[in-house]
Amino acid sequence: MPDIVFPKLKLKNKLLLPIVQGGMGVGVSAHSLAGNVAKLGAVGTISSVDLRRHHADLTRQTEKSRDKAAINSANLIALDREIKAAKEIAAGKGMIAVNVMRAVAEYSAYVRQSCESGADAIVVGAGLPMDLPELTADYPDVALLPILSDVRGIALILKKWMRRNRLPDAIVIENPQYAAGHLGAAGLDSVNDPHFAFSIVLEGTRQLFKDLGIEPEKIPLIVAGGIHNPQQVSELFGLGASAVQLGTAFAVSEEGDAHINFKHVLAAARPEDIVTFMSCAGLPARAVKTQWLVNYLGKEAKLQGKAGPKDCTVGFDCLHQCGLRDGIAKAGQFCIDTQLGFALKGDVERGLFFRGSEPLPFGNAIRPVRELIDYLLKGVNPMLAVAS
């Protein structure tokens, strides 16, 4: 790629394109997507959740199993395979990160396996990773990137980590008003709170750095949520961002690991097709109103009204806290792993299809990641060339 006008992103002494591909599960961002993004010199991210679904032998061994230990073991094997396959594609370029949700029960095991398997970075969202420095203490060369949404959360992490003589290698600031999947807001009524605005969080974080005696250039700030054109990228750099993270735009790329039907559902969604609701993880989430989600939302109040503790429907217990299993009435009452698994395989009727709220860079077209990165950093839009 030709030289770009934006400064490079520096992580662990690596100079990278200032583009981060978000981690998307179940299995939406695996070795193909992450490896090809890294191959171009950016940060490619594997989502650690339930990766056995990408491996026929592991699926055969566990798809009818109710043995939690066997399922967890299969997923760690799959994670190891995916990291190594992504690094082979990247061929030493860019960076391979692994996204681990703090809300999953096997969070610690996924973090340790990612480090052992050679991941360059660990990205953690869906909760505050207070213990991440301890979990990765034996792997000082692995970059640590918490995902947070406001200055308060950033302050909590910084103060806790500083007591352990560790700082984040970068911070991902995700705006829940626009992002896909699980959102960093306390509830549905606070998703659109103005205090999540990038301008406010970036300015507040710089002041926080000053108050804590942290040199601003030591911790790059990566902004995420709703970014879809080069003008936004330029404006966000002007506000003090060091890089941008995108999820949905990469999910629909040619190299994305999900079924082509998955990509078409996301790409074809109109603003009125996208809805925010409560996940069984106890967090707000954003997805496309497919048939399953419409049916679920139509009976959500009834299901919540009769919520009560029950055995995990698939014997997996994937979440620390699950609204369906634990009978938490204010949370979602469905098995998220099952529905996301359907989406990965392209089951339009039964799948849960996470998506951000904003337009996609290439509309409903499925294009290569190289074109997406070229467009965001250099304004080169191949769709305009095709149209002319």
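Data table
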| item | result |
| --- | --- |
| Förster-model FRET efficiency, 41 Å R0, Asp138 and Gln321, C-beta, rounded to 0.05 | 0.90 |
| Positive dipole terminus of the chain, leading residue within Val191, Leu324, Ala56 (C-beta point charges) | Leu324 |
| Spin-label pair Ala155/Ser65, simplified geometry with 7 Å Cα→Cβ offset, distance in nm | 4.6 nm |
| Relative contact order of the chain, pairs being alpha-carbon contacts under 8 Å that are 6 or more residues apart, as % | 18 percent |
| Karplus-derived 3J(HN,Hα), 6.51/-1.76/1.60, for each residue of segment 335-345, Hz, glycine and proline x | 8, 5, 5, 4, 5, 5, x, 4, 5, 3, 7 |
| Structure-based [θ]222 nm, the chain - -39500 (n - 2.57) summed over DSSP H runs of at least 4, per residue, nearest 500 | -11000 deg cm²/dmol |
| The chain: antiparallel DSSP beta bridges as a percent of all, rounded to 5 | 30 percent |
| Size descriptor, Kirkwood hydrodynamic radius, that averages inverse alpha-carbon separations across segment 251-355, Å | 14.1 Å |
| Radius 11 Å from Cβ of Asn364, net charge of other residues (Lys, Arg +1; Asp, Glu -1) | +3 |
| Measure of compaction for segment 60-212 (Cα Rg per 2.2 N^0.38 Å) | 1.15 |
| Sites Gln291 and Ala186, calculated FRET efficiency, Cβ-Cβ separation with R0 41 Å, nearest 0.05 | 0.90 |
| Dipole axis of the chain (+1 Lys, Arg; -1 Asp, Glu on Cβ), positive-most option in Pro271, Gly92, Pro133 | Pro133 |
| Translational diffusion of the chain, µm² s⁻¹ [Kirkwood Rh, Cα pairs; Stokes-Einstein; 37 °C; 0.692 mPa s] | 158 µm²/s |
| Magnitude of the charge dipole, segment 172-295, Cβ model with Lys/Arg +1 and Asp/Glu -1, debye to 20 | 160 debye |
| Part-to-part distance (alpha-carbon centres) for segment 254-292 and segment 76-102, which is given in Å | 24 Å |
| Span from the segment 28-57 Cα centroid across to the segment 141-192 one, whole angstrom | 22 Å |
| Dipole magnitude (debye, nearest 20) for the chain, charges at Cβ of Lys, Arg, Asp, Glu | 320 debye |
| Proximal charge balance of Leu340 [Cβ under 12 Å; K/R count +1, D/E count -1] | 0 |
| Positive-end residue of Ile46, Gln113, Ala179, charge dipole of the chain with Cβ unit charges | Gln113 |
| Nearest-20 debye value, segment 270-344 charge dipole, Cβ charges on Lys, Arg, Asp, Glu | 240 debye |
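Coordinate-derived values only; no laboratory data. Quantities reported herein were computed from a predicted structural model and do not represent experimental measurements. Here the Cβ is made from the backbone with ideal geometry for all residues, glycine too, and neighbour counts use every protein chain on show.
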